[in-house]
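So the structure is just underneath, and the comments pick up after that.
The values are calculated or read from the model by the stated rules, or taken from the named source; none is laboratory data. On a predicted model such as this, the values are computed, not experimentally measured, just so you know. Methodologically, a virtual Cβ is constructed for each residue, glycine included, from the backbone with ideal geometry; neighbour enumeration extends over all protein chains shown.
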Amino acid sequence: MSAVGSYTLAAVAPIVVQAPAIGIDPAIRCRQVTKEFGTDDAKIQVLHGIDLELPPGEMALLVGPSGCGKTTLISIIAGLLDPTAGSVDVFGSNITDMRGREKVRFRGANIGFVFQQYNLLPALTAVENAAVPLLIQGWKRRQAIDKAAEMLEEVGIGHKRNSLPNQLSGGQQQRVAIARALVHEPRLLVCDEPTAALDASLGQVVLELLRKIAVQPDRGVIVVTHDSRIYGFGDRMVTMSDGRIDKILTDRSEFAH
Ligand SMILES: Nc1ncnc2c1ncn2[C@@H]1O[C@H](COP(=O)(O)OP(=O)(O)OP(=O)(O)O)[C@@H](O)[C@H]1O
Ligand SMILES: [Mg+2]
């Protein structure tokens, strides 16, 4: 049994190599994505023409030094931030061109996002926070709360369902954020450092759950991480530096380097 840090590869379901079905769109396709922040006299360019295609049915890891543009890129991929130029398709739908309600509706139905800073709503309890994506989709409150409570159980904090975010530890808040991102079983799950506040065994539980729910033939996951313990859960590693993609690795034995 090989081990990556303190997480074991044996815990990961074997990868079934399937020929992609004809006509299935990539989970993500970025074309010449650039991003600048600031105004003319103090402008910084954070992304320099990113081209990236990730197939469905995989968990891709996005790694690179602090400040290289990982959060910026995945925020654009998830439609939370507009690129300065270029475009992003999510399962064949160009989200960069979507406007207003159309984009909100598409995101609500198809994308789950785990924020680096959790971004829980402070006035809502853990279970209400986790239910938000379902309520936005029009689920009845009772059913949404029941489904969200199941997700909290899965991430091991069912007993904290009625706590407010400020009554939870960082790791507990992170797990609420993960439950919220998974509750509507999105086609694309985007996670920014999902294990940063978790110890080794919780990290393993969370990664197994992410794989179980989100790695399916018609779904996809992209995970930004500094946590080498979770490298064994990835199918592909995209390395970035200074706003550019350096390498895309598909052989797990190369992930640690
Ligand atoms: N809203 C903003 N306005 C101005 N600059 C920004 C903004 N957001 C990010 N940046 C800058 O863009 C660069 C990339 O930031 P980003 O958050 O994408 O990095 P990161 O790779 O996620 O880093 P980390 O690993 O520390 O989270 C940084 O230099 C950052 O200061
Ligand atoms: Mg970041």
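Might you check whether a residue that is surrounded by 19 or more Cβ atoms within 10 Å (Cβ to Cβ), among the β-branched types (Val, Ile, Thr) and within 18 Å of the chain's Cα centre (by Cα) occurs anywhere in region 104-112?
yes
Just to be sure before I move on: is Glu102 away from ligand 2 (no atom under 16 Å from the Cβ), over 30 Å from Gly170 (Cβ atoms) and part of a helix (DSSP H, G or I) in the structure I sent?
yes
Failed condition for Ala123, given (1) under 29 Å from Ser169 (Cβ atoms); (2) within 16 Å of ligand 1 (Cβ to nearest atom); (3) not in a helix (DSSP H, G or I), with all others met?
(2)
For region 130-176, give me each residue that is without any contact (Cβ under 8 Å) to a residue 12 or more places away in the chain and closer than 26 Å to Phe106 by Cα.
Leu135, Gly138, Trp139, Lys140, Arg141, Arg142, Gln143, Asp146, Glu150
Of all residues in region 224-237, which are closer than 17 Å to Gln116 by Cβ and at pLDDT 95 or above?
Just the residues of region 224-237 that are closer than 17 Å to Gln116 by Cβ, to begin with: 224-227, 230.
Correct list: Val224 only.
Tell me which residues, restricted to region 34-59, are within 16 Å of ligand 2 (Cβ to nearest atom) and either within 23 Å of Met98 (Cβ to Cβ) or assigned to a loop (DSSP other than H, G, I, E, B) (or both). Give the steps one after another, and end with the answer.
Initially, region 34-59 is screened for residues within 16 Å of ligand 2 (Cβ to nearest atom), giving 35, 37, 44, 46-47, 50.
Result: Lys35, Phe37, Val46, Leu47, Ile50.
Out of (1) under 30 Å from Asn94 (Cβ atoms); (2) out of contact with any Asp or Glu (no Cβ under 9 Å at 6 or more places or on another chain); (3) crowded, with 19+ Cβ neighbours inside 10 Å, the odd one out for Ala179 is which?
It is condition (2) that Ala179 fails.
For Ser87, only one of the following conditions fails: (1) crowded, with 19+ Cβ neighbours inside 10 Å; (2) at pLDDT 95 or above. What is its number?
(1)
Which residues, taken from region 52-74, are within 15 Å of ligand 1 (Cβ to nearest atom), of a type in the set (Gly, Ala, Ser) and crowded, with 20+ Cβ neighbours inside 10 Å?
Gly64, Gly69 - these are the residues of region 52-74 that are within 15 Å of ligand 1 (Cβ to nearest atom), of a type in the set (Gly, Ala, Ser) and crowded, with 20+ Cβ neighbours inside 10 Å.
Mind checking which residues of region 105-120 are outside any strand (DSSP E or B) and closer than 24 Å to Glu193 by Cα?
Residues satisfying the conditions are Phe106, Arg107, Gly108, Ala109, Asn110, Phe115, Gln116, Gln117, Tyr118, Asn119, Leu120.
Could we say that Ala13 is within 16 Å of ligand 2 (Cβ to nearest atom) and either under 28 Å from Arg229 (Cα atoms) or at pLDDT below 95 (or both) here?
When the stated conditions are applied, Ala13 does not pass them.
Among the residues of region 185-232 satisfying the criterion of being of a type in the set (D, E, K, R) and within 16 Å of ligand 2 (Cβ to nearest atom), which is nearest to the chain's Cα centre (by Cα)?
Looking at residues that are of a type in the set (D, E, K, R) and within 16 Å of ligand 2 (Cβ to nearest atom), I get Asp192.
I need a count of the residues in region 77-99 that are charged (D, E, K, R) and either outside any loop (DSSP other than H, G, I, E, B) or at positive phi (or both).
1
Among (1) within 17 Å of the chain's Cα centre (by Cα); (2) crowded, with 19+ Cβ neighbours inside 10 Å, where does Gln117 come up short?
Against the list (1) within 17 Å of the chain's Cα centre (by Cα); (2) crowded, with 19+ Cβ neighbours inside 10 Å, Gln117 comes up short only on (2).
Output the number of the condition that Gly69 fails; it satisfies all remaining conditions of (1) within 16 Å of ligand 2 (Cβ to nearest atom); (2) farther than 26 Å from Leu210 by Cβ.
Of everything listed in (1) within 16 Å of ligand 2 (Cβ to nearest atom); (2) farther than 26 Å from Leu210 by Cβ, Gly69 misses just condition (2).
Is there a residue in region 163-171 that is part of a helix (DSSP H, G or I) and under 20 Å from Pro186 (Cβ atoms)?
No, because not a single residue in region 163-171 is part of a helix (DSSP H, G or I) and under 20 Å from Pro186 (Cβ atoms).
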